[in-house]
Amino acid sequence: MRALVEDRSLRLSGEKKYITGGLDADFLLVTALDETGGTRRIIYLPVGLLPAGALAELKLGMLQTTSHARLSLADFTLDGAFLLPADGRMVNRAIKRWGMVERALILEAYIGLCIYLARLPGVSEALEPGIAERLERLFDAQAKSRHARVDAAVSGERIDPRDTEIVDVAELSKYISRRADPAGLPAEELPRIDDLDLARLFSPRPADG
């Protein structure tokens with residue numbers, strides 16, 4: 001996304017490809033490269049001000065329990081008051097720091113999904129004893145990591161990039177996916193089984209064949 005600041009207005013052009021929950025959002029925070037100064041800026045973008053069709057549904061083939069969207073703009077003019085007062089260096093630092101927090105939150109939520117499915121009737125009976133308990137220990141460790149990242153991000157301290165045992169999480173999620181029988185599950189639970197495919201985003205090594 002690119003922004004051209006002109007007096008008291010700005011023009012936005014470009015695309016933001018992946019916005020989880022975008023179709024349900026009231027506003028978006030968009031980063032854009034300022035064409036006048038070459039620095040990155042943050043724009044507060046109320047969804048109600050967007051032109052028709054700018055925010056379109058995006059089909060990912062997974063994560064079907066929430067909406068996804070793509071934002072496309074071409075010379076969209078907006079009042080300059082929606083440009084947040086942050087310089088490029090501050091924006092880049094915030095993106096890096098809070099991106100690490102975001103990844104910790106995603107992994108924590110993913111482990112929570114695995115726990116939910118491991119205890120789900122129709123799945124739990126097909127698993128070895130102790131799978132849910134192993135996942136709960138991983139969840140507790142990841143929750144501590146996430147708390148530490150949030151505290152460090154707020155205070156400006158160095159953020160420890162290490163997550164909980166990602167390999168263990170990926171292997172357990174693949175195990176649940178293999179053992180779960182879709183034929184024995186309610187239709188509303190099937191998208192959650194599909195969401196286990198997210199393991200490939202976390203695993204640092206190729207998935208087993």
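Only the coordinates and a few stated rules stand behind these numbers; no lab work does. Note that the structure is a prediction, hence the values are computed from the model and not measured. Methodologically, a virtual Cβ is constructed for each residue, glycine included, from the backbone with ideal geometry; neighbour enumeration extends over all protein chains shown.
See the values below:
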| read-out | value |
| --- | --- |
| Inter-site label distance for Ala25 and Ala109 at 7 Å from Cα along Cβ, in nm | 1.3 |
| Projected-area average for region 88-202 over all orientations - Cα convex hull basis, square nanometres | 7.8 |
| Inter-probe distance in nm under a simple model that places probes 7 Å from Cα toward Cβ, at Glu157 and Asp194 | 4.2 |
| Model label zone, Ser67; criterion: amide N under 18 Å from point 7 Å along Cα-to-beta-carbon; scope region 1-21 | 16-21 |
| Principal-axis tilt of helix 88-118 within the chain, Cα atoms, nearest 10 degrees | 20 |
| Low-density loop positions, GluC sites (Glu not before Pro), region 107-161 - DSSP coil, at most 15 other Cβ in 10 Å | Glu157 |
| Option label - Rg and Dmax of the Cα atoms in Å computed here, alternatives (1) 27.3, 95; (2) 17.7, 54; (3) 20.6, 65 | (3) |
| 10 Å-binned pair-distance histogram of region 2-82 (Cα, whole percent) | 18, 50, 25, 6, 0 |
| Cα centre as origin, Lys/Arg/Asp/Glu Cβ charges: region 88-202 dipole, Debye | 740 |
| Burial ordering of Lys59, Lys16, Lys96, fewest other beta-carbon atoms within 10 Å first | Lys59, Lys96, Lys16 |
| Extension gain, Arg89 back to Tyr18 (0.36 nm per residue minus Cα-Cα distance, nm) | 23.2 nm |
